[in-house]
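Below you'll find the structure, written out as structure tokens, and then a few comments.
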Ligand code: SF4
Ligand code: SF4
């Protein structure tokens with residue numbers, strides 16, 4: 001399965017650490033009062049962080065969707 005790309009808009013992030021607490025896979029660290037997705041490869045796309053973030057600073061997008069589907073269709 002393709003993983004997920006985790007993006008934090010630092011202009012919106014207020015460093016509340018709700019994403020850090022909510023994430024089951026410890027994707028985030030709080031560095032200089034901003035959330036930093038230091039462990040993106042562990043993201044499973046559950047969106048718990050997005051639900052908790054009061055400033056809508058987090059975006060989760062599937063990684064390599066195009067590559068994934070290209071491989072899929074080549075096989076069939
Ligand atoms: S929940 Fe949102 S505002 Fe709070 S630290 Fe995480 S990204 Fe920043
Ligand atoms: S979507 Fe889930 S696994 Fe991914 S960073 Fe957010 S809380 Fe963690």
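The values are calculated or read from the model by the stated rules, or taken from the named source; none is laboratory data. In this text the structure is predicted, and so the values were computed from the model without any measurement. Cβ: placed from backbone, ideal geometry, glycine included. Neighbour counts: every protein chain shown.
Quick one: would you say residue 10 is more than 8 Å from ligand 1 (Cβ to nearest atom), part of a loop (DSSP other than H, G, I, E, B), touching a strand residue (DSSP E or B) at 6+ places or on another chain (Cβ under 6 Å) and at pLDDT 95 or above?
On the way: more than 8 Å from ligand 1 (Cβ to nearest atom): yes; part of a loop (DSSP other than H, G, I, E, B): yes; touching a strand residue (DSSP E or B) at 6+ places or on another chain (Cβ under 6 Å): yes; at pLDDT 95 or above: yes.
Spelling it out, residue 10 is indeed more than 8 Å from ligand 1 (Cβ to nearest atom), part of a loop (DSSP other than H, G, I, E, B), touching a strand residue (DSSP E or B) at 6+ places or on another chain (Cβ under 6 Å) and at pLDDT 95 or above.
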* Asked: Identify, please: which residue in the stretch 35-54 is out of contact with any strand residue (DSSP E or B) (no Cβ under 7 Å at 6 or more places or on another chain) and within 16 Å of residue 9 (Cβ to Cβ) and is, among those, farthest from ligand 2 (Cβ to nearest atom)?
  -> 54
* Asked: Among the residues of the stretch 50-59, is there at least one that is exposed (fewer than 14 other Cβ atoms within 10 Å of the Cβ), in a loop (DSSP other than H, G, I, E, B) and under 12 Å from the mean Cα position of the chain (by Cα)?
  -> no
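If I go through the stretch 13-34 residue by residue, how many of them are part of a strand (DSSP E or B) and within 13 Å of ligand 2 (Cβ to nearest atom)?
Initial filter on the stretch 13-34 (part of a strand (DSSP E or B)): 28-31, 34.
Add one more test, that the residue is within 13 Å of ligand 2 (Cβ to nearest atom), and what stays is 28-29.
Residues flagged as part of a strand (DSSP E or B) and within 13 Å of ligand 2 (Cβ to nearest atom) within the stretch 13-34 amount to 2.
Considering only residues that are within 14 Å of ligand 1 (Cβ to nearest atom), farther than 15 Å from residue 57 by Cβ and in contact (Cβ under 8 Å) with a residue 12 or more places away in the chain, which ones fall in the stretch 22-38? Talk me through it step by step, then tell me what you get.
Of all residues in the stretch 22-38, those within 14 Å of ligand 1 (Cβ to nearest atom) come to 22-23, 26-38.
The next check asks that each one be farther than 15 Å from residue 57 by Cβ; those that pass are 26, 38.
Residue satisfying the conditions is 26 alone.
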